[in-house]
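Structure record follows, encoded as structure tokens.
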Number of protein chains: 2
Amino acid sequence: MPAEGGSEVTGGRPGTDGPRTLGIVGAGQLARMMVEAASALGIRTAVLAAGGDDAAAPVAGEVLVGEATDGRSLRSLAALSDVVTFDHEQVDLRLLDDLEREGVQLRPAVETLRVAVDKGEMRERLAAAGLPVPRYEVLGVAGDRGRGPDELAAAIAAFAAQGRWPVVAKAARGGYDGKGVWVLDGEEDARALCEDAVRAGTPLLVETHVDIDLELAVVIARGRDGTSVSWPPVETAQVDGVCREVRYPGRLHPDLADRATDLGREVAAVVGLTGVLAVELFASSGRLLVNEIAARPHNSAHWTIEGAATSQFENHVRAVLGLPLGDTSPVAAHVASVNVFGSTSAGGGDPSAGMSQALAVRGAHVHLYGKQPRPGRKLGHVTVCGDDPADVRARAWAAARALGTPVPFPIEAVVP
Amino acid sequence: MPAEGGSEVTGGRPGTDGPRTLGIVGAGQLARMMVEAASALGIRTAVLAAGGDDAAAPVAGEVLVGEATDGRSLRSLAALSDVVTFDHEQVDLRLLDDLEREGVQLRPAVETLRVAVDKGEMRERLAAAGLPVPRYEVLGVAGDRGRGPDELAAAIAAFAAQGRWPVVAKAARGGYDGKGVWVLDGEEDARALCEDAVRAGTPLLVETHVDIDLELAVVIARGRDGTSVSWPPVETAQVDGVCREVRYPGRLHPDLADRATDLGREVAAVVGLTGVLAVELFASSGRLLVNEIAARPHNSAHWTIEGAATSQFENHVRAVLGLPLGDTSPVAAHVASVNVFGSTSAGGGDPSAGMSQALAVRGAHVHLYGKQPRPGRKLGHVTVCGDDPADVRARAWAAARALGTPVPFPIEAVVP
């Protein structure tokens with residue numbers, strides 16, 4: 001038996017690590033892709049889903065159904081989990097504060113979530129740290145500072161008067177994918193919005209409307225010990241505030257990319273991040289401005305699943321569990337990732353109806369999230385890696401189109 | 001709203017495809033990795049597990065607990081599934097024949113399984129097709145052809161007399177990872193084995209003991225329409241019949257690799273394959289001989305998860321569901337994949353105890369299967385991609401060792 005003989009060497013550090021369960025608040029596609037990454041590492045998962053139909057429900061080890069803002073549900077999730085992380089920002093910070101005090105390991109911590117879930121708080125914290133953000137003013141909700149719709153609209157007009165119309169108003173909380181962002185062309189727009197906002201109790205902030213040369217994003221993973229790694233920044237293409245396409249490296253000049261990376265790491269440190277954080281940036285007349293941040297895996301780095309040595313999902317799982325972070329190097333010279341949306345044609349377009357056609361596209365990596373199709377709903381994405389930027393774009397769009405994705409510009413622009 | 005305006009183009013072939021559920025008989029690590037691949041594609045899964053602790057149980061969409069040879073369990077699985085595939089070979093062919101006649105979509109089909117699950121049948125079919133196999137004789141079980149232990153042993157001796165001792169006896173069914181294979185040095189060995197085999201009702205075959213220059217494997221994916229793709233052949237390192245390490249391209253001369261690929265495709269066609277098939281080969285004095293085949297994803301291609309554009313698991317899922325096959329090109333010049341086994345030290349070595357150390361190894365892709373640790377049990381694997389063959393081996397072994405894997409030779413041989 002030469003196999004396990006005298007020259008055998010064994011390793012490991014028994015007792016220092018061990019099997020783990022990762023709890024995830026929310027069970028959307030980000031949770032699903034976290035679960036896929038955790039599964040490969042032998043890590044169990046539990047999700048708190050809004051319903052059994054949620055994207056991550058079929059793959060998670062345990063599925064609890066309940067609201068992300070319900071203390072009982074959160075405590076049940078925590079009881080199953082070594083660490084609790086998040087799929088989305090629709091959380092109750094006060095409740096999470098209580099959980100943290102009770103000893104629940106939240107990653108990112110409430111300190112970070114406080115900044116990430118409220119755009120007003122985010123602006124204040126980044127500005128205080130000297131990081132570049134558009135000029136802004138936090139308006140608060142009606143009643144705050146004694147303001148009704150008229151006073152809020154007047155504040156917006158005064159803000160515009162220091163620069164120019166249009167200005168951008170944002171809901172401080174609850175917005176996503178372009179929802180909760182309004183471009184206001186004058187006082188009339190402002191008044192109409194403020195009436196709606198006061199009625200709905202929506203806290204607002206107002207910002208300058210930046211002349212954007214291009215939009216980019218950088219994603220950072222930061223460990224519990226403060227060490228961080230980042231994937232190279234990408235150019236993002238938004239239509240109506242919704243990300244449609246991500247390109248590595250896109251049209252980003254290496255200097256701009258380096259500055260974006262530095263900025264991303266500063267943001268991660270300022271918010272005390274553990275996990276993955278995305279920083280969406282505007283490039284405007286040679287300057288970089290922070291647009292949005294998200295303290296979780298983000299659409300702008302789905303390309304890393306096939307396009308980088310370690311994906312954002314794997315590094316998020318590693319970071320929140322206190323494991324070393326993996327290599328973030330790209331594995332191809334060019335990567336394009338195109339989002340798949342429910343078609344606006346009859347039936348909302350089940351993307352799996354186009355699977356054969358999409359998978360016949362050379363090198364197309366198709367991800368579908370298993371969500372109920374609805375027109376305009378984000379249902380998946382397609383990534384293509386290669387040497388030629390036009391070719392990878394063309395193939396990614398061809399596969400996304402086969403899956404029913406409406407193409408927001410003449411297809412000839414990308415498919416030669 | 002420029003977004004979804006007049007220039008919008010929609011695609012897809014509504015009605016030709018659609019959402020699917022893949023049923024898997026067995027819920028070991030192969031099923032787990034199939035589920036991970038299916039999840040990315042938005043495909044639901046159901047597994048027939050021997051127990052709730054099985055590797056694939058925490059990630060599969062539906063988990064049925066029952067025996068793979070139980071008709072009721074199989075029919076319950078089939079009722080949930082569009083297509084049924086397999087994690088292992090411990091099946092009842094007569095029962096599967098019935099299911100196929102009832103209209104259950106088995107992929108691979110019974111025609112293929114019949115060859116893959118019985119080494120005697122495999123030898124007969126490949127030899128009949130003119131494919132190179134070691135000289136062999138199917139001995140059958142006691143009672144077959146009226147043979148008791150003495151007659152079987154005499155048949156083995158007569159077989160040896162046409163060549164030389166030692167010869168290799170194999171259990172025709174139920175063997176795996178070196179179990180069910182015996183090297184017999186003479187008539188005494190043969191008699192002892194035959195007595196055991198008759199007692200246990202084990203059907204035997206006998207083969208020449210091949211002088212092996214090296215062992216290699218080729219993995220083929222073949223679609224329902226007969227089109228096939230293959231990953232480049234790899235060198236495998238076995239200790240006591242157990243695969244410990246897989247190297248792409250290893251020491252394989254390109255000509256030998258090409259011949260192995262051709263042979264693999266012929267085997268796939270001969271057995272009428274749909275899905276993934278592994279062919280394990282001996283290179284002996286410039287000749288290639290088929291050693292074993294497996295009509296499912298196989299340990300010798302776990303490296304394709306990170307090392308190739310499309311993994312064996314994704315292409316297996318695609319093939320059995322009738323979807324187009326993906327690009328099998330390697331993404332690195334060299335890849336090493338090392339299996340993780342339960343350590344022989346106290347406690348059987350929970351590999352997750354060494355996760356921090358293993359993940360700290362640069363570029364180490366760690367896969368743990370979530371199985372109960374036991375000394376010598378296969379619990380995971382580690383893959384490393386890179387430019388330098390010695391470096392990728394060293395890193396893969398370092399990470400596997402950190403996870404508690406016994407190293408079957410002086411570690412200096414791989415870790416400089």
Checklist entry - Which one is nearest to the other protein chains (Cβ to nearest Cβ) among residues in region A:360-381 that are modelled with pLDDT of 95 or more, over 17 Å from A:Ala55 (Cβ atoms) and under 26 Å from the mean Cα position of the chain (by Cα)? => result A:Gly363
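Which one of these is modelled with pLDDT of 95 or more and among the charged types (D, E, K, R): B:Glu8, B:Glu36? Show your work before the answer.
Working: B:Glu8 fails: modelled with pLDDT of 95 or more.
None of the others qualify; the one that does is B:Glu36.
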Checklist entry - Is it true that some residue in region B:154-167 is part of a strand (DSSP E or B) and more than 25 Å from B:Arg318 (Cα to Cα)? => result yes
Next on the checklist: For the structure I just gave you, tell me whether A:Ala169 is under 12 Å from A:Pro203 (Cα atoms) and modelled with pLDDT of 95 or more.
Outcome noted: yes
Next on the checklist: Being free of Cβ contacts under 8 Å to residues at least 40 places away in the same chain and either closer than 30 Å to A:Asn339 by Cα or surrounded by fewer than 20 Cβ atoms within 10 Å (Cβ to Cβ) (or both) is true for just one of A:Ala200, A:Ala171. Which residue is that?
Outcome noted: A:Ala200
Checklist entry - Within region B:285-302, is even one residue crowded, with 21+ Cβ neighbours inside 10 Å, within 28 Å of B:Ile212 (Cα to Cα), in contact (Cβ under 8 Å) with a residue 60 or more places away in the chain and within 14 Å of chain A (Cβ to nearest Cβ)? => result yes
Next on the checklist: Please count how many residues of region A:237-274 are surrounded by fewer than 21 Cβ atoms within 10 Å (Cβ to Cβ), among the β-branched types (Val, Ile, Thr) and modelled with pLDDT of 95 or more.
Outcome noted: 2
Checklist entry - What residue, of B:Leu93, B:Leu99, is on the phi < 0 side of the Ramachandran plot, surrounded by fewer than 18 Cβ atoms within 10 Å (Cβ to Cβ) and at pLDDT 95 or above? => result B:Leu93
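Which residue out of A:Arg135, A:Arg125 is surrounded by fewer than 16 Cβ atoms within 10 Å (Cβ to Cβ), at pLDDT 95 or above, among the basic types (Lys, Arg) and more than 30 Å from B:Val47 (Cβ to Cβ)?
Numbers: A:Arg125 fails: surrounded by fewer than 16 Cβ atoms within 10 Å (Cβ to Cβ).
The conditions single out A:Arg135.
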Checklist entry - Just to be sure, is B:Leu403 at the interface with chain A (Cβ under 9 Å from one of its Cβ atoms) and either charged (D, E, K, R) or in contact (Cβ under 8 Å) with a residue 40 or more places away in the chain (or both)? => result yes
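Right, B:Thr236: touching a Cys at 6+ places or on another chain (Cβ under 7 Å), in contact (Cβ under 8 Å) with a residue 60 or more places away in the chain, at negative phi and in the same structural domain as B:Arg393 (by TED's automatic domain parsing) or not?
Numbers: touching a Cys at 6+ places or on another chain (Cβ under 7 Å): yes; in contact (Cβ under 8 Å) with a residue 60 or more places away in the chain: yes; at negative phi: yes; in the same structural domain as B:Arg393 (by TED's automatic domain parsing): yes.
When the stated conditions are applied, B:Thr236 passes them.
Please go through region A:187-211 and pick out each residue that is at negative phi and in a loop (DSSP other than H, G, I, E, B).
Step one: filter region A:187-211 for residues at negative phi, giving A:187-200, A:202-211.
Selection gives A:Thr202, A:Pro203, A:His209, A:Val210, A:Asp211.
With A:Glu195, A:Glu207, A:Glu215 as the choices, which residue is farther than 30 Å from A:Trp397 by Cα, surrounded by 15 or more Cβ atoms within 10 Å (Cβ to Cβ), modelled with pLDDT of 95 or more and acidic (Asp, Glu)? First the steps, then the outcome.
Numbers: A:Glu195 fails: modelled with pLDDT of 95 or more; A:Glu215 fails: farther than 30 Å from A:Trp397 by Cα.
The match here is A:Glu207.
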Checklist entry - Out of (1) facing chain A (nearest Cβ under 10 Å); (2) without any contact (Cβ under 8 Å) to a residue 60 or more places away in the chain, what's the single condition that is false for B:Arg32? => result (2)
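What are the residues in region B:361-386 that are closer than 18 Å to A:Ala308 by Cβ and of a type in the set (Gly, Ala, Ser), if any? Before you say what the answer is, go through the steps one by one.
Quick first cut of region B:361-386, residues closer than 18 Å to A:Ala308 by Cβ only: B:361-367, B:383-386.
Of everything in region B:361-386, those that are closer than 18 Å to A:Ala308 by Cβ and of a type in the set (Gly, Ala, Ser) turn out to be B:Gly363, B:Ala364, B:Gly386.
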Item to check | Any hit, region B:272-279, residues being in contact with an Asp or Glu (Cβ under 6 Å, 6 or more places away or on another chain) and over 14 Å from B:Tyr248 (Cα atoms) | outcome: yes
Checklist entry - Taking region B:174-192, which residues are exposed (fewer than 15 other Cβ atoms within 10 Å of the Cβ), of a type outside the set (A, V, I, L, M, F, W, C) and farther than 25 Å from B:Leu113 by Cα? => result B:Asp185, B:Gly186, B:Glu187, B:Glu188
Checklist entry - So which residues in region A:378-392 are out of contact with any helix residue (DSSP H, G or I) (no Cβ under 7 Å at 6 or more places or on another chain), surrounded by fewer than 23 Cβ atoms within 10 Å (Cβ to Cβ) and either of a type in the set (D, E, K, R) or in a strand (DSSP E or B) (or both), if there are any at all? => result A:Lys378, A:Asp387, A:Asp388, A:Asp391
Checklist outcome for this item: Note: among A:Ser352, A:Ser337, A:Ser345, A:Ser356, just one is within 30 Å of A:Arg251 (Cβ to Cβ) and of a type in the set (S, T, N, Q), namely A:Ser337
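Residue under question is A:Ala295, and the condition is that it be modelled with pLDDT of 95 or more and within 28 Å of B:Ile43 (Cα to Cα); does it hold? Outline the logic, then answer.
Details: modelled with pLDDT of 95 or more: yes; within 28 Å of B:Ile43 (Cα to Cα): no.
No; evaluated as a whole, the condition is false for this residue.
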Item to check | Conditions (1) over 15 Å from B:Glu235 (Cα atoms); (2) in contact with a Ser or Thr (Cβ under 7 Å, 6 or more places away or on another chain); (3) not hydrophobic (A, V, I, L, M, F, W, C): number failed by B:Thr304 | outcome: (1)
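Say whether the condition of being among the charged types (D, E, K, R) and in a helix (DSSP H, G or I) is met by at least one residue in region A:52-61.
So the first thing to find is which residues in region A:52-61 are among the charged types (D, E, K, R), and the list is A:53-54.
Pick out the ones that are also in a helix (DSSP H, G or I) and you get none.
Checking region A:52-61: not a single residue is among the charged types (D, E, K, R) and in a helix (DSSP H, G or I).
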Checklist entry - In this structure, is A:Ser345 hydroxyl-bearing (Ser, Thr, Tyr) and surrounded by fewer than 23 Cβ atoms within 10 Å (Cβ to Cβ)? => result yes
Item to check | Boolean, A:Phe313 is among the aromatic types (Phe, Trp, Tyr), in contact (Cβ under 8 Å) with a residue 12 or more places away in the chain and under 17 Å from A:Val218 (Cα atoms) | outcome: yes
Item to check | Failed item, numbered, when A:Ser356 is tested on (1) over 16 Å from A:Ile305 (Cβ atoms); (2) in contact with a helix residue (DSSP H, G or I) (Cβ under 9 Å, 6 or more places away or on another chain); (3) touching a residue at least 12 places away in the same chain (Cβ under 8 Å) | outcome: (3)
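Does at least one position in region A:322-329 carry a residue that is modelled with pLDDT under 95, more than 7 Å from every other protein chain (Cβ to nearest Cβ) and farther than 21 Å from B:Glu306 by Cα?
No, region A:322-329 contains no residue that is modelled with pLDDT under 95, more than 7 Å from every other protein chain (Cβ to nearest Cβ) and farther than 21 Å from B:Glu306 by Cα.
Test A:Ala353 against the stated conditions and say whether it is within 11 Å of chain B (Cβ to nearest Cβ), crowded, with 20+ Cβ neighbours inside 10 Å, in contact with a Ser or Thr (Cβ under 8 Å, 6 or more places away or on another chain) and not acidic (Asp, Glu). Reasoning before the result, please.
On the way: within 11 Å of chain B (Cβ to nearest Cβ): yes; crowded, with 20+ Cβ neighbours inside 10 Å: yes; in contact with a Ser or Thr (Cβ under 8 Å, 6 or more places away or on another chain): yes; not acidic (Asp, Glu): yes.
Yes: the conditions hold for A:Ala353.
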Next on the checklist: Given the criterion outside the structural domain of B:Ala172 (by TED's automatic domain parsing) and touching a helix residue (DSSP H, G or I) at 6+ places or on another chain (Cβ under 7 Å), identify the matching residue among B:Pro249, B:Pro254.
Outcome noted: B:Pro249
Item to check | Residue selected from region B:41-84 under the condition under 19 Å from B:His316 (Cα atoms) and of a type in the set (D, E, K, R), by the criterion surrounded by the most Cβ atoms within 10 Å (Cβ to Cβ) | outcome: B:Arg44
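The values are calculated or read from the model by the stated rules, or taken from the named source; none is laboratory data. All values derive from a computational prediction rather than experimental measurement. Neighbour counts run over all protein chains shown; Cβ positions are idealised from the backbone, glycine included.
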